[in-house]
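Here the structure comes first, spelled out in structure tokens, and everything after it is commentary.
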Amino acid sequence: MPQSLPVHISRDQLHSLEVPASFEADGSFDIRLINHAESLHVHLHLDDPLSEIATLDAGNHYVEGETERRVRVEVDTDALGEQPHFGKLKVATAYGAETRWIDVELTEPDPTPDSIEIDESLANPQPKDSTREPLLDTQQLPVLVLGVVALLIAVLSAILFQQTVVTAGALIVFAGVVTALLLLSNTG
């Protein structure tokens, strides 16, 4: 999530500045110039300690009336080191008539892992689960029993009557029972 420093301009009166007393970031951040009135110029300046590791692309910024403009402060995170770095940011409007200083603390960003650490236990074969699920659950069992009974009746009828139509019917019942068994095993 990008860090941002809000600067409210002309919220109470023309050219007034509302800024936090201090701001902390762990790398580059945006200054949000939020103008609540007519268009104006805002001057931003980093003091010497802060400008050693941070840069602004420009000092003067034109902000349209009732709009917001973001100004990026680029921080050289390699120069930060492990100790926090302190400095001041100057914000001025009305040609310096309204000026505020913000204490800025820059800290080292949290290290983000570039790779995934792999534990040596992944190299060992994983034990196989010895518990097996039943082929059919208790709700599927009555369907299986009825299918087997229908198949037995169809086969016995085909044997007893020895007619082509009955044999064809028995084959259709057999195909239906096999299809039902396949569907039941796939839904379980």
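Computed over neighbours whose Cβ is under 11 Å from that of P20, the net charge equals -2, Lys and Arg +1, Asp and Glu -1. Report the net charge of residues surrounding S10, where surrounding means a beta-carbon distance below 14 angstrom and charges are Lys +1, Arg +1, Asp -1, Glu -1. Charge balance near S10 sits at -4. Over the stretch 4-106, the hull volume per residue, using the convex hull of the C-alpha atoms, is 78 Å³. Computed about the Cα centre, the dipole magnitude for the chain is approximately 1600 debye when only Lys and Arg (+1) and Asp and Glu (-1) carry charge, each at its Cβ.
Taking the Cβ-Cβ separation of D78 and E38 as r and a Förster radius of 45 Å, what is the calculated FRET efficiency to the nearest 0.05? E(calc), rounded to 0.05, equals 0.60.
Measure nothing fancy, just the Cα-based angle from helix 141-161's long axis to the longest principal axis of the chain, in degrees from 0 to 90, nearest 10. Between helix and principal axis, roughly 30 degrees. Structural descriptor for the chain: relative contact order 18 percent, calculated from alpha carbon pairs under 8 angstrom and at least 6 residues apart.
Between helix 164-187 and the chain there is an angle of about 30 degrees, using the helix long axis and the longest principal axis of the Cα atoms. Here the chain is described by how far its Cα atoms reach on the three principal axes: 112, 48, 26 Å, from widest to narrowest. Neighbours of G65, meaning other residues whose beta-carbon lies under 14 angstrom from its beta-carbon, give a summed charge of -2 when Lys and Arg score +1 and Asp and Glu score -1. Only alpha carbons enter this Debye calculation for the stretch 135-187, each as an equal point scatterer, and the log10 of I(q)/I(0) it gives at q = 0.15, 0.16, 0.29, 0.31 Å⁻¹ is -0.44, -0.48, -1.03, -1.12. Applied to the stretch 22-33, the Karplus parametrisation 6.51 cos²θ - 1.76 cosθ + 1.60 on θ = phi - 60° returns per-residue 3J(HN,Hα) values of 9, 8, 10, 9, 10, x, 4, 8, 9, 9, 9, 8 Hz, with x for Gly and Pro. Computed extension length for E105-E66: 11.1 nm, one decimal, from 0.36 nm per residue of separation with the Cα-Cα distance subtracted.
Only the coordinates and a few stated rules stand behind these numbers; no lab work does. Every value quoted in this text rests on a predicted model; they were computed, and no experiment measured them. Every residue, glycine as well, gets a Cβ built from its backbone with ideal geometry; the counts of neighbours run over all protein chains shown.
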